[in-house]
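J.: Please read through the structure below; I'll follow up with questions.
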Amino acid sequence: MDNTSTKKSFRKVEVYTTLPSGGAYWPSGAIDLSSNPTQEIGIMPMTMVDEINMRTPDSLMNGQAIVNMIQSCCPQIKDAWHAPILDLETILVGIRIATYGPKLDVSAKIPKIDKAHEFTIDISEAIANLTPGKFVEKHLLKDGTQLTLKPMTYKTMTETNLKNYEQARLATNLRNTNATESERLAEIQKSFKNITDLTIKNMADQIVSVQMDNDLLNTPQQVYEYVTNIPAPIAQEIKAIVTAQNSVGTMQPIQLKVPEDLVKQGAPESITQSLILDQSNFFVLN
């Protein structure tokens, strides 16, 4: 008798969810939707190992804990680094629901009375309140240039967050060192250059092609050179488009009803609260 078993045999799919992308924008081999004609993915609960990893700061910082958790809980996802961010919150909320259920405690500061209150929300309702619309690939700029876009990936988002953290840490270190004024200036200039380079890279990474009159730019190098050399107003136009498209699939702020006893103290009847997927408590049951 063969007693060999895989880790998957001790869990079962608890939640099925449809990705906002419908499976588009995932590169070949990163996700397998062939067994499900409805384009849904099955989600299993986290394991104890997944939960422990979600408490590990280094793994959280570099994104590896999230990638490991997604691939552990979503058997159809083979490479979570390539997940388009318009699918990310749907996947993460699905994992939370599959593991702990739909109820989530959220602490919020009540305006006017300046008191904190613990609310219990149903995150299945929050996921139904995603920013509406579909990711739009084709965009015509004011100068007649046509762009073809793709969503930011989790890998690009993680790299961006790490770079931003490094820049923030550099600024803190500069304030706490005995560096000379010229050394501080040199580091500040270096920091500004890094931020500029990162902004350009992020924009270029999300542009598939650029059609200008009879010229088609469709290689990473060509697109990068285009973004680097366009006038600032055009760059700002592209940045606004990319930012708007990357909001598709993200959760909008939710309305919370304030308890009557607090309303009697001067609190508003309801407040608006952003739901942040804070790994320190969202994926760990306290």
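The values are calculated or read from the model by the stated rules, or taken from the named source; none is laboratory data. Bear in mind that the values here come from a model prediction, so they are computed numbers and not experimental data. Note that we place each Cβ from the backbone using ideal geometry, even for glycine, and neighbour counts take in every protein chain shown. Protein only, heavy atoms only, side chains kept; ligands, DNA and RNA dropped before computing areas. Shrake-Rupley method; radii C 1.70, N 1.55, O 1.52, S 1.80 Å.
J.: Can you tell me the Rg and Dmax of the range 1-130, counting just the alpha carbons, in angstroms?
T.: In order Rg, Dmax, the Cα atoms of the range 1-130 give 16.8, 68 Å.
J.: Return, for the Cα atoms of the chain, the radius of gyration and Dmax in Å, separated by a comma.
T.: 22.4, 74
J.: While we're on this one: Measure off, as a whole percent, the carbon and sulfur share of the 1.4 Å-probe accessible area of the range 89-139, all protein chains present.
T.: Within the range 89-139, the accessible surface is 50 percent carbon and sulfur.
J.: Can you give the local net charge around Lys201? Use residues other than it whose beta-carbon is closer than 10 angstrom to its beta-carbon, Lys and Arg +1, Asp and Glu -1.
T.: So the surrounding residues net to -2.
J.: Counting only helical runs of four or more DSSP H residues, what would the 222 nm mean residue ellipticity of the chain come to if each run contributes -39,500 (n - 2.57) and the total is spread over all its residues?
T.: Using -39500 (n - 2.57) per qualifying helix, the result is -13000 deg cm²/dmol.
J.: Let me ask something additional. Can you pull the one-decimal nm distance between simple spin-label points at Gln39 and Glu187, each 7 Å off the Cα toward Cβ?
T.: Modelled inter-label distance: 4.9 nm.
J.: Using a cut-off of 15 Å between beta-carbons, work out the net charge of the residues near Asp215 (Lys and Arg +1, Asp and Glu -1, Asp215 not included).
T.: Local net charge: -3.
J.: Which order do the peptides 38-45, 222-229 come out in when sorted by mean C-beta neighbours inside 10 angstrom, highest first?
T.: Those peptides, ordered most packed to least, come out 38-45, 222-229.
J.: Further, regarding this structure: Using a 1.4 angstrom probe, figure out how much accessible area the range 56-166 has per residue, in square angstrom, rounded to the nearest whole.
T.: It amounts to 48 Å² per residue over the range 56-166.
J.: Would you kindly work out the equivalent ellipsoid of the range 61-100 from its C-alpha gyration tensor and give its semi-axes, the square roots of five times the eigenvalues, largest first in whole Å?
T.: Over the Cα atoms of the range 61-100, the ellipsoid semi-axes are 15, 11, 11 Å.
J.: Highest mean first, how do 178-190, 73-85 rank when packing is the count of other Cβ atoms within 10 Å averaged over residues?
T.: 73-85, 178-190
J.: To continue, here is another question. Can you give me the distance in nm between label points at Ala128 and Ala168, each placed 7 Å from the Cα along the Cα-to-Cβ direction?
T.: Modelled inter-label distance: 3.4 nm.
J.: Ok, one more. Just round it to a whole percent: the fraction of Cα-Cα distances in the range 177-286 exceeding 18 Å.
T.: 72 percent
J.: What is the calculated FRET efficiency for Gln146 to Glu260, with r their C-beta to C-beta distance and R₀ = 41 Å, to the nearest 0.05?
T.: Once the sixth-power term is evaluated, E becomes 0.15.
J.: Still on this structure, I have one more. Can you work out the base-10 log of I(q)/I(0) for the range 31-79 at q = 0.18, 0.28, 0.32 1/Å, using the Debye formula on its C-alpha atoms alone?
T.: -0.58, -0.98, -1.14
J.: Based on a Kirkwood Rh over C-alpha pairs, give the Stokes-Einstein translational diffusion coefficient of the range 128-204 at 25 °C and viscosity 0.890 mPa s in µm²/s.
T.: Estimated via Stokes-Einstein, D reaches 157 µm²/s.
J.: Over the residues of the range 211-251, compute the C-alpha Rg and express it relative to 2.2 N^0.38 Å.
T.: 1.39
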